[in-house]
């Protein structure tokens, strides 16, 4: 049995609704079945500073700024005995921990390129890691081009989904959920994620506008973003007479219900996606996924088998064409959803992610 510390980013409380917090908790639950796991996170109103749940410990520290949080994390780590420390998405925090605890293996788990911008200073930080885990081959390739000196430190460890919670709906359950989410149209399209320009939500709205010329369709948009940009999206939907429901951010503990209520998920990202957790959650829920043909999404979706990859993805027409194809052919949509569920079971469970990490941890400790 290993004693493992998992350090969450200073601005992201666990549990939380973002993909990084979701990943930390999903992995920790699995690891805690065989190991002693402590998640270190920030303080959050209404939650205890120490919590014992599902076989793991969550320690929440004050974090008025990044530097204060890092110092508090290091103090905690020094007062306990850990075999290994994992830091998610924060090279600077990871490097500070390694400098203060040089004899303990420290892993940096990167979920995107956001905190791995080019430059010698960032390279010096990331070289402190004993291992850099990345969530897709695409992310590894991009990171290797940016920092070829780090390639030997990298290991691809894909993410997963809670397959017990994200699962297909029965016919009766689906009808109840469609009532719950006010879906009366024959076909319902879902977007889940941040509402920012790079995610391509405007292109999805234009695609649905084309689709509704032929069938009855509803678009549900779940997520939050800058108020001014969300207002622009609402205005675009209104201008194009799209029946769009902006639901804001739905708590992750409830989002599985929404997946089971809709007919498909669309991920129209216009920029590199390292992985795309929502795609796996939708597949596990038994619905087809239509996504831009970019980044790590290609490693999740087999176009024509468990969903469709769209290229070119800068225009609404290709999305509209595939949406229409699914809307008028329910057996095809059902087959894609069934294949997606089987694919998720085979490749994208938190159990599988944890086993990959466990093997990496063991190698580091033995070395």
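Since every read-out is calculated from the coordinates, none of them should be taken as a lab result. Since this is a predicted model, take the numbers as computed values, not measurements.
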Computed over the Cα atoms of region 32-134, what is the convex hull's projected area averaged over all directions, in nm²? 7.2
Rounded to the nearest Å, what's the spacing between the alpha carbon centres of region 129-200 and region 65-84? Just the number, please. 30
How big is the gap, in Å, between the Cα center of region 290-361 and the Cα center of region 208-223? 20
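Given the rule -39500 (n - 2.57) for each run of at least 4 DSSP H residues, summed and divided by the residues of the chain, what is its mean residue ellipticity at 222 nm, to the nearest 500 deg cm²/dmol? Display every interim value, and only then the final one.
Details: 13 runs with 152 residues, N = 367.
After summing the helix terms and dividing by residue count, I get -13000 deg cm²/dmol.
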Rounded, prolate or oblate: which one fits region 209-297, using the alpha carbon gyration tensor with axes a ≥ b ≥ c (rounded when a/c is under 1.5, else prolate when a/b beats b/c, else oblate)? rounded
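May I ask you to derive the relative contact order of the chain, considering only C-alpha pairs under 8 Å and at least 6 residues apart, and to give it as an integer percent?
15
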Histogram of C-alpha separations across region 58-106, 5 Å bin width, %: 4, 20, 35, 28, 11, 1
Send over the Kirkwood Rh of region 171-347, from the inverse of the averaged 1/r over different Cα pairs, rounded to one decimal Å. 15.9
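Only bridges whose two residues both fall in the chain count here: according to DSSP, what percent of them are antiparallel, nearest 5?
On the way: 4 of 50 bridges.
Close to 10 percent.
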